[in-house]
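Chemist: The following block contains the structure, expressed as structure tokens.
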Amino acid sequence: MQLYHGKSRFGDQATTENIQRKRLDQEKLTLQIVDRKSQLDVSLQSLLRSLSLIEKEKQTAAAVSKLSKDQLRNEIERFKLGKSTSYQISQYQQDVVEAEQQEILIRIRQEKIGVDLLALTGEFKEKYELSQE
């Protein structure tokens with residue numbers, strides 16, 4: 001009879017240890033989920049902030065591009081009047097090219113942020129109609 005009780009206690013102890021191990025595993029997984037959710041929230045806020053900032057950059061770059069083109073037109077008019085040189089015109093042309101290049105780079109960054117946002121929210125495959133295979 002004592003053997004039965006000893007076996008029972010041993011079985012109870014193993015069961016208790018298994019329950020404690022499972023609880024610890026569950027707590028660990030819960031902490032990992034909370035941590036991952038926090039990381040996703042931070043990533044989302046960062047991407048949204050970047051989108052907001054890039055929109056302002058885009059507007060600024062468009063204004064710089066327009067100004068560069070206006071300056072080039074004015075310099076061409078000055079050249080026609082004999083008050084400028086072809087070198088000065090080439091400098092303004094270079095300014096226009098650099099401003100347009102900056103606009104393009106900003107649009108590329110904006111698209112990249114958009115793709116990152118789609119990937120983060122899980123909408124990337126749906127947006128681009130990619131199969132799950």
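Chemist: Restricting the search to the range 84-109, which residues are touching a residue at least 24 places away in the same chain (Cβ under 8 Å) and farther than 21 Å from residue 67 by Cβ?
Modeler: Once the filter is applied, which keeps residues that are touching a residue at least 24 places away in the same chain (Cβ under 8 Å) and farther than 21 Å from residue 67 by Cβ, the range 84-109 yields only 109.
Chemist: May I pose another question? If you check residue 99 against the conditions, is it farther than 30 Å from residue 119 by Cα, modelled with pLDDT of 90 or more, in a helix (DSSP H, G or I) and not β-branched (Val, Ile, Thr)? Steps first, answer last, please.
Modeler: Numbers: farther than 30 Å from residue 119 by Cα: yes; modelled with pLDDT of 90 or more: yes; in a helix (DSSP H, G or I): yes; not β-branched (Val, Ile, Thr): yes.
Yes, satisfied.
Chemist: Restricting to the range 51-81, name every residue that is over 18 Å from residue 99 (Cβ atoms) and assigned to a helix (DSSP H, G or I). Steps first, answer last, please.
Modeler: Pass one, the range 51-81, residues over 18 Å from residue 99 (Cβ atoms): 51-53, 77-81.
Of everything in the range 51-81, those that are over 18 Å from residue 99 (Cβ atoms) and assigned to a helix (DSSP H, G or I) turn out to be 51, 52, 53, 77, 78, 79, 80.
Chemist: Look at residue 23 and say whether it is loosely packed, with under 12 Cβ neighbours inside 10 Å, closer than 30 Å to residue 117 by Cβ and at pLDDT below 95. Walk me through it before giving the result.
Modeler: On the way: loosely packed, with under 12 Cβ neighbours inside 10 Å: yes; closer than 30 Å to residue 117 by Cβ: no; at pLDDT below 95: yes.
Against the criterion (loosely packed, with under 12 Cβ neighbours inside 10 Å, closer than 30 Å to residue 117 by Cβ and at pLDDT below 95), residue 23 does not qualify.
Chemist: Going by the structure shown, is residue 106 in contact with a Lys or Arg (Cβ under 6 Å, 6 or more places away or on another chain), surrounded by 11 or more Cβ atoms within 10 Å (Cβ to Cβ) and assigned to a helix (DSSP H, G or I)?
Modeler: Working: in contact with a Lys or Arg (Cβ under 6 Å, 6 or more places away or on another chain): yes; surrounded by 11 or more Cβ atoms within 10 Å (Cβ to Cβ): yes; assigned to a helix (DSSP H, G or I): yes.
It is true that residue 106 is in contact with a Lys or Arg (Cβ under 6 Å, 6 or more places away or on another chain), surrounded by 11 or more Cβ atoms within 10 Å (Cβ to Cβ) and assigned to a helix (DSSP H, G or I).
The values are calculated or read from the model by the stated rules, or taken from the named source; none is laboratory data. Model, not experiment: these values are computed from the prediction. In this analysis, Cβ positions are derived from the backbone assuming ideal geometry, glycine residues included, and neighbour counts consider all displayed protein chains.
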